[in-house]
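Just so it is clear, none of the values below were taken in a lab; they were calculated from the coordinates. Because the structure is a prediction, the values reported are computed rather than measured. Cβ: placed from backbone, ideal geometry, glycine included. Neighbour counts: every protein chain shown.
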Amino acid sequence: MNTNSPIEESGPGALGTLFEAQRRAFGRDSMPSAEKRRERLTRLESLLEGHIDAIADAIARDFGHRSRHETRLLEIFPALEAIRHARRHLSRWMRPEHRATGLWFLPGRSRILKQPLGVAGIVVPWNYPLLLAVGPLVAALAAGNRAMVKMSETTPAFGELFARLVSGAFAPDEVAVVNGGPEVARAFCALPFDHLLFTGSTAVGRHVMHAAADNLTPVTLELGGKSPAIVAADFDLATAAKRILFGKCLNAGQTCIAPDYVLVPSGREEAFIQSAREAVTAFFPALAANPDYTGIVDERHRARLASLRDEAVAAGARAHVLAPEGERPEAAGKIAPTLLTGTTPAMAVMREEIFGPLLPVIGVASIDEAIAFVNARPRPLALYVFSHDGASVDRVLERTVCGGVTVNDTLLHIAQDDLPFGGVGESGMGAYHGREGFDTFSRRKPVFRQSRLNGLALFHPPYGARFESLIRLLLRR
């Protein structure tokens with residue numbers, strides 16, 4: 001067990017010193033064995049398993065109120081599953097890949113060697129501060145790297161706890177957790193990492209990419225966007241509403257892949273709203289004092305969500321508040337699930353990622369119209385399609401481009417450790433989770449091994465008649 005002090009607040013100079021210490025340590029052990037990597041993953045697993053209640057308490061303090069059930073279900077469980085999946089498959093991922101060798105170069109051999117990159121940087125958002133720190137960290141450690149993790153200043157209680165826990169389990173030249181505000185974040189992203197993974201908003205992602213470009217640091221950007229849910233006419237509306245509202249209400253909608261708007265068959269909007277109301281009432285008979293309904297993380301985000309809602313209503317939209325009569329969840333730092341009808345593309349709620357429990361409901365005449373609606377907007381991080389008709393589902397899958405898809409439910413594709421997770425266009429670039437995470441933090445080095453007996457000397461100069469005959473044969477002329 002390591003007894004180093006946690007890195008709680010680091011200026012640019014201290015970050016540089018820490019980075020160089022990790023780079024030197026990597027130089028001393030640049031190809032750690034599978035056993036060493038598994039041992040690091042096991043330390044991370046023990047860190048989580050031994051502090052589940054403390055983690056849930058710290059995150060709840062940061063949110064004002066965060067459901068401890070949701071923290072265990074949405075953060076601790078998938079983080080532990082990611083560790084176990086990586087540990088189970090690590091030897092296979094590390095194994096060199098044999099590749100075909102061109103006929104004219106036989107009996108030489110070709111292969112891909114999986115090599116750690118060095119020092120990885122991970123920038124963590126506030127909405128799932130444990131999972132979105134541990135998920136990338138698992139990939140970096142499985143690939144054999146050292147890692148520096150920058151926590152969000154919006155979740156200081158958990159950031160301090162995680163720094164302390166990590167410093168007790170890892171030497172600072174193995175894994176280091178950094179806390180601090182925007183200045184520290186800027187300095188962190190400007191370090192010459194061998195790979196930088198950022199999770200956050202599209203706007204901040206652009207700044208991160210600019211900072212990384214000065215060092216030609218490769219980046220993985222896990223951003224957001226407006227993830228649509230499409231409900232086909234053949235799918236039971238009440239079932240769709242229940243599954244969509246479940247995905248929307250988890251963490252009070254503060255989820256990068258939460259449904260951001262719903263496209264339902266024209267004329268079925270009111271029926272969807274009624275089904276949604278019934279689903280929310282079943283999930284949360286009360287909101288304000290309900291320990292299972294999470295609060296909005298801070299006043300700034302509450303004000304932003306209220307502004308999105310109020311601006312839409314002022315411009316002609318209708319707000320359908322799905323709260324028990326007489327409840328005022330705002331007094332408890334919460335916002336009730338609210339559906340919006342009559343929205344227009346010009347409204348901010350239809351242009352910006354919502355990141356809260358507001359959900360526009362829009363009628364469309366057909367699946368093709370739904371596809372056109374989605375394709376008229378930036379490519380989303382997630383897409384949800386509800387239909388039992390295979391042809392309709394295939395049409396949506398083939399004619400839309402997005403980060404990932406769950407069919408007939410929401411969110412669940414992110415929980416599959418053997419599926420890559422990542423965005424496209426404004427919703428991000430690159431991917432991680434499972435094998436793809438290992439590959440993201442690895443250099444897939446191509447290696448050709450020349451045979452002791454080979455015919456390359458036939459092509460050495462001076463060139464003459466023999467060369468001309470051979471080159472005609474190669475060119476098939």
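Couple of notes before you dig in:
- Computed over neighbours whose Cβ is under 15 Å from that of Gly121, the net charge equals -2, Lys and Arg +1, Asp and Glu -1.
- Non-local Lys pairs in the chain, i.e. 8 or more apart or on different chains, that have alpha carbons under 29 Å apart: 14
- With Cα atoms, 0 to 90° folded angle of helix 299-314 axis to the chain main axis: 60 degrees
- Cα centroid separation, the stretch 11-49 to the stretch 258-336 (Å): 43 Å
- Relative contact order computed over the chain (Cα-Cα under 8 Å; 6+ residues apart), in percent: 19 percent
- A cut-off under 11 angstrom between Cβ atoms defines the neighbours of Leu411, and their net charge, with Lys, Arg +1 and Asp, Glu -1, is +1.
- Leading residue at positive end of dipole, the chain (Cβ point charges), from Val407, Val166, Ala190: Ala190
- Cα-based helix-to-principal-axis angle, 156-169 vs the chain, degrees rounded to 10: 30 degrees
- Residue-wise HN-Hα couplings along the stretch 357-373, as the Karplus relation 6.51 cos²θ - 1.76 cosθ + 1.60 with θ = phi - 60° gives them from phi, are x, 9, 9, x, 10, 10, x, 9, 7, 6, 4, 5, 5, 4, 4, 5, 4 Hz; Gly and Pro carry x.
- In degrees, nearest ten, helix 390-399 long axis to first principal axis of the chain (Cα): 70 degrees
- Cα lying deepest toward the dipole's positive end in the stretch 366-477, options Pro462, Ala372, Leu473, charges on Cβ: Pro462
- Approximate spin-label separation Asp389-Phe459, in nm, with each point projected 7 Å along Cα-to-Cβ: 5.6 nm
- Each label point was placed 7 Å from the Cα along the Cα-to-Cβ direction; for Leu419 and Thr239 their separation is 1.8 nm.
- Percent of beta bridges antiparallel (DSSP, the chain, rounded to nearest 5): 35 percent
- Environment charge at Arg304 (Cβ cut-off 13 Å; Lys +1, Arg +1, Asp -1, Glu -1): -3
- Here the extension length gained between Arg24 and Ala157 equals 44.8 nm, from 0.36 nm per residue of separation less the Cα-Cα distance.
- Between His207 and Ser110, the FRET efficiency from the beta-carbon distance, with R0 = 30 Å, is close to 0.15.
- Spatial separation of Cα centroids for the stretch 417-477 and the stretch 59-101, in angstrom: 31 Å
- Taking θ as phi - 60° and the Karplus parameters 6.51, -1.76 and 1.60, the scalar couplings of the stretch 275-287 work out to 5, 5, 4, 5, 5, 5, 4, 5, 5, 9, x, 9, 10 Hz in sequence order, x denoting glycine and proline.
- Theoretical ellipticity at 222 nm over the chain - DSSP helices of four or more residues, -39500 (n - 2.57) apiece, nearest 500: -12500 deg cm²/dmol
- Two-site FRET efficiency, Phe467 against Arg443, from Cβ-Cβ distance with R₀ of 45 Å, rounded to 0.05: 0.80
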